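Taking it in order: structure first as structure tokens, then the write-up.
The values are calculated or read from the model by the stated rules, or taken from the named source; none is laboratory data. Computed from a predicted structure; not experimentally measured. Note: ideal-geometry Cβ built from the backbone for every residue, glycine included; neighbour counts use all protein chains shown.
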Amino acid sequence: MNTQKKLEHLVEQLKQAFGARLLSVVLYGSAAAGDHNENFSDLNILCILSGLGLPELEASEPVFRWWRAQNNPAPLLLPEDELRTSTDCFPMEFHDIRQCHRILYGEDLVSSLEIDDAFYRAQVEYQIRSKLLRLRQKGAGVLQDKDLLLRLMADSISTFCVLGRHALLLSGVPAPVEKRDIVAAMASHFAIDAQAFQTLLDLREDKVKPGALDAKALFEQYLKGVAELAFAVDRLAR
């Protein structure tokens, strides 16, 4: 089943599960931005409901089980009232959704969202530093296994590209959507060494073969670039 058929089938199941309570089904992330890689990227879905309680959670269970079997994360369920009152808690996520989304069903309730940026910079720095800690932790356990180390880096590059885009937005720079453009903008604006980012994107797209890479050296360079990004965000005005 191709991607479009999967999305259409998902929407039909959600409509059957929630009925009139389903206000909107939103595709967001790389698939909505046209930068989707089936080997590494998920299909991210937000469902906005008129109300959300235990009956809706029970109704979602078989749909979500099927969607997870397609190797995608379970859709996010959000009642409409929480959509407009939680942007201060999740400014990064709502900026992402508002900028890159496609309405699969119902109303477009996200384009007009007013996002509270009071904690935006802190959230971006927290995410970069926490993901960096996790990357070091996981990397330490697979340093002697080249394939696992390369896979770890290739799996994580999308996340750091997203975080880099938010760092650019925070610094007042128009931020691109495609990963390679983000990496180039990060290198230019923050003067960081982003060569490892580009190499990992090449790896994901089969433009370079694993055997041609020194995984440990690439990991060292990658960690350095991510740390430089964290310091760049730390220096931004609070």
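Here is how the numbers come out for the structure above:
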| item | result |
| --- | --- |
| Residues that are in a helix (DSSP H, G or I) and modelled with pLDDT under 95, drawn from the range 10-30 | S30 |
| Selection count, the range 84-95, where residues are outside any loop (DSSP other than H, G, I, E, B), without any contact (Cβ under 8 Å) to a residue 60 or more places away in the chain and either crowded, with 19+ Cβ neighbours inside 10 Å or within 14 Å of the chain's Cα centre (by Cα) (or both) | 3 |
| Per-region count, the range 190-209, residues small (G, A, S) and surrounded by fewer than 20 Cβ atoms within 10 Å (Cβ to Cβ) | 1 |
| Check on A167, out of contact with any Gly (no Cβ under 8 Å at 6 or more places or on another chain), buried (at least 20 other Cβ atoms within 10 Å of the Cβ) and not β-branched (V, I, T) | yes |
| Qualifying residue in the range 72-80 (condition: under 18 Å from L14 (Cα atoms) and without any contact (Cβ under 8 Å) to a residue 24 or more places away in the chain) | yes |
| Filter result for the condition that a residue is among the small types (G, A, S), loosely packed, with under 15 Cβ neighbours inside 10 Å and over 15 Å from the mean Cα position of the chain (by Cα), over A122, A187 | A122 |
| Residue tally, condition more than 18 Å from D42 (Cβ to Cβ) and either touching a Pro at 6+ places or on another chain (Cβ under 7 Å) or surrounded by 14 or more Cβ atoms within 10 Å (Cβ to Cβ) (or both), over the range 1-24 | 7 |
| Test: residue in the range 170-183 that is farther than 26 Å from D42 by Cα, buried (at least 19 other Cβ atoms within 10 Å of the Cβ) and of a type in the set (G, A, S) | no |
| Any hit, the range 31-51, residues being outside any helix (DSSP H, G or I), among the aromatic types (F, W, Y) and closer than 26 Å to A122 by Cβ | no |
| Yes/no for E220 being under 20 Å from G34 (Cβ atoms), exposed (fewer than 15 other Cβ atoms within 10 Å of the Cβ) and out of contact with any strand residue (DSSP E or B) (no Cβ under 6 Å at 6 or more places or on another chain) | no |
| Unique residue being assigned to a strand (DSSP E or B) and of a type outside the set (A, V, I, L, M) when the list is R68, R102, R98 | R102 |
| Flag if S112 is outside the structural domain of Q16 (by TED's automatic domain parsing) and over 22 Å from A32 (Cα atoms) | no |
